[in-house]
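The values are calculated or read from the model by the stated rules, or taken from the named source; none is laboratory data. Nothing here was measured: the structure is a model prediction, and the numbers come from that model. Positions of Cβ are backbone-derived with ideal geometry, glycine not excepted, and every protein chain shown enters the neighbour counts. Please note that ligands, DNA and RNA were not included when accessible areas were found on the heavy atoms of the full protein model with its side chains. Shrake-Rupley method; radii C 1.70, N 1.55, O 1.52, S 1.80 Å.
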Amino acid sequence: RAENLVMNAEGSRFDLVVADLGRISTSIPVTGEHMVSNALLAAGVGLTMGLSLEQIATGLAETSLTSSRLRQYDHDGISVIDDTYNANPESVIAALETLAALPSKGQKMAVLGVMAELGHHADA
């Protein structure tokens with residue numbers, strides 16, 4: 001499980017806690033509770049494959065993401081979160097929750113596009 005989660009523009013820092021094995025501080029270079037959940041799943045796979053907590057923590061910290069997946073940058077004094085990679089309803093909700101959780105000195109705005117690749121049979 002993840003404890004002591006801290007999220008900011010640089011990513012997410014948390015303690016990875018595994019029963020009977022201990023805890024280790026680690027981070028991922030992306031913010032969002034849903035991304036921490038993904039990291040926990042990856043940690044579980046690593047444990048199943050015999051990796052140590054130290055190896056898992058290092059691997060998580062060195063993770064790189066697909067372009068346009070919750071990429072954060074500044075443009076003319078405006079903080080931008082680019083999550084335009086193959087959006088779907090669940091990823092849009094997760095991105096909005098991430099936006100809401102991040103500290104801000106001003107207004108927050110979401111610009112959403114069409115999810116055309118879902119097709120006309122998908123639930124809207």
Reported set for region 70-121 where residues are open to solvent by 60 Å² or more (accessible area, probe 1.4 Å), under 24 Å from Ser37 (Cα atoms) and β-branched (Val, Ile, Thr) is Thr84, Ile93
Which numbered condition Ala94 fails, given (1) free of Cβ contacts under 8 Å to residues at least 40 places away in the same chain; (2) under 20 Å from Lys108 (Cβ atoms) = (1)
Which of the residues that make up region 1-10 are open to solvent by 50 Å² or more (accessible area, probe 1.4 Å), within 19 Å of Leu99 (Cα to Cα) and either in contact with a Gly (Cβ under 7 Å, 6 or more places away or on another chain) or part of a strand (DSSP E or B) (or both)?
-> Leu5, Val6, Asn8
Residue pairs qualifying under the 6 Å Cβ cut-off, at least six apart or on distinct chains, with the first in region 98-122 being closer than 18 Å to Tyr73 by Cβ and the second being open to solvent by 60 Å² or more (accessible area, probe 1.4 Å) and part of a loop (DSSP other than H, G, I, E, B), are Leu99/Lys108
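Could you tell me whether region 11-18 includes any residue that is within 30 Å of Gly119 (Cβ to Cβ) and either more than 13 Å from the chain's Cα centre (by Cα) or surrounded by 10 or more Cβ atoms within 10 Å (Cβ to Cβ) (or both)?
no
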Which one is least open to solvent (accessible area, probe 1.4 Å), of the residues in region 33-69 that are touching a strand residue (DSSP E or B) at 6+ places or on another chain (Cβ under 7 Å) and of a type outside the set (A, V, I, L, M)?
-> Ser68
Residue tally, condition farther than 24 Å from Ala42 by Cβ and free of Cβ contacts under 8 Å to residues at least 40 places away in the same chain, over region 65-91 | 7
